[in-house]
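Everything on this sheet refers to the single structure shown next.
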Amino acid sequence: MKPAHRQDKQRVVEILTQAFEKDPQINRIINPTDAQRNRRLSLLMEYAFEEGMLNGSIYLSDNNRGVAIWLDPSKHNISLALLYAKLRFAWSMGVRRIFKTLVMQKNVYKKHPQHKNYFYLWFLAVKPEAQGKGISSELLNPYIEKSFSTQRPIYLETSTIPNVKIYTHKGFQVFSEWKPKDKSQLTVWCLRR
């Protein structure tokens, strides 16, 4: 595992875009039948990169096939690059989709502790052809060790059952779940360790 740098932006965006192509939570934000889906997904991941660079840490796997974006909940910095990325993504989505996204985000984040002394795994992504080869563990294990040594919990969310199984195997526990009030099939599981 190695820290990502600004010159790694395209690599990070590519990994995130490929890994989250079929993610139910992302599909709620960006309609899978949308003609602009690839562009919007890429803009979302560019925003995630900027947020992670400014308000957390981004790590690449040693083979550049996986990425983890960890956010520091106590940081709320803003930069021109982050603001620009947020606005580009929001503009591409339109008011209705952004409102849906904000409602989902609010409902999930209110499950987090009020204190800011925890680690938050915002994205953990592995290219589809490299999944099942230990890359997630490479990106997750150092923070599990750091969490243990600092007595700071880790929080994360996932919207796929296979990911729930991966995280529970790593010692995480589902402490809550969220389902939108509409008729979608989405479930977001909130986990902590």
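Among P142, A125, Y155, whose Cα lies farthest out toward the positive end of the dipole of region 88-193, if unit charges sit on the beta carbon of Lys, Arg (+1) and Asp, Glu (-1)?
Ranked along the dipole, the leading option is Y155.
Using only the Cα atoms of region 61-152, build the gyration tensor, take square roots of its eigenvalues as a ≥ b ≥ c, and label the shape rounded, prolate or oblate: rounded if a/c is under 1.5, else prolate if a/b is larger than b/c, else oblate. It would help to have the intermediate numbers written out before the result.
Numbers: a/c = 1.99, a/b = 1.31, b/c = 1.52.
Because a/c hits 1.5 or more and a/b fails to exceed b/c, region 61-152 counts as oblate.
Return the long-range amide H neighbours of Y120 (sequence gap of 5 or more, or a different chain), with a cut-off of under 5 Å between placed amide H atoms.
L71, Y155
Using a 10 angstrom cutoff on alpha carbons, build the Gaussian network for the chain and name the most mobile of D62, D34, D182.
D182
Taking the Cα centre of the chain as origin, work out the dipole magnitude from +1 charges on Lys and Arg Cβ and -1 charges on Asp and Glu Cβ, in debye rounded to 20.
540
Work out from phi, with θ = phi - 60° and the Karplus expression 6.51 cos²θ - 1.76 cosθ + 1.60, the ³J(HN,Hα) of each residue of region 101-116, listed in order in whole Hz, and give x for Gly and Pro.
Values per residue, Gly and Pro as x: 5, 5, 5, 4, 4, 4, 5, 6, 5, 6, 7, 6, x, 5, 6, 9 Hz.
Give me the orientation-averaged projected area of the Cα convex hull of region 1-62, in nm², one decimal. Mind showing how you got there, number by number?
Working: hull surface 17.2 nm².
Answer in nm², one decimal: 4.3.
Based on the alpha-carbon gyration tensor of the chain and its eigenvalue square roots a ≥ b ≥ c, which shape applies: rounded if a/c is under 1.5, prolate if not and a/b is larger than b/c, or oblate? Numbers along the way, then the final one.
On the way: a/c = 1.31, a/b = 1.16, b/c = 1.13.
Judged from the Cα gyration tensor, the chain comes out rounded (a/c under 1.5).
How large a share of the accessible area of region 130-193, in percent, is made up of carbon and sulfur atoms when the probe is 1.4 Å and the other protein chains stay in place? Show your work: numbers first, answer last.
Working: 1930 of 3810 Å².
Carbon plus sulfur share of accessible area: 51 percent.
If you take the charge dipole of the chain about its Cα centre, with +1 on Lys and Arg Cβ and -1 on Asp and Glu Cβ, which of L54, I29, Q10 is farthest toward its positive end?
I29
When a/c is below 1.5 the answer is rounded, else prolate if a/b is larger than b/c, else oblate, so apply that to region 26-94 with a ≥ b ≥ c taken from the square roots of the Cα gyration tensor eigenvalues.
Working: a/c = 2.29, a/b = 1.30, b/c = 1.76.
Oblate.
The values are calculated or read from the model by the stated rules, or taken from the named source; none is laboratory data. These numbers come from a predicted model, not from an experiment. Neighbour counts run over all protein chains shown; Cβ positions are idealised from the backbone, glycine included. Just the protein is used for accessible areas: all its heavy atoms, side chains included, with ligands, DNA and RNA removed. Shrake-Rupley method; radii C 1.70, N 1.55, O 1.52, S 1.80 Å.
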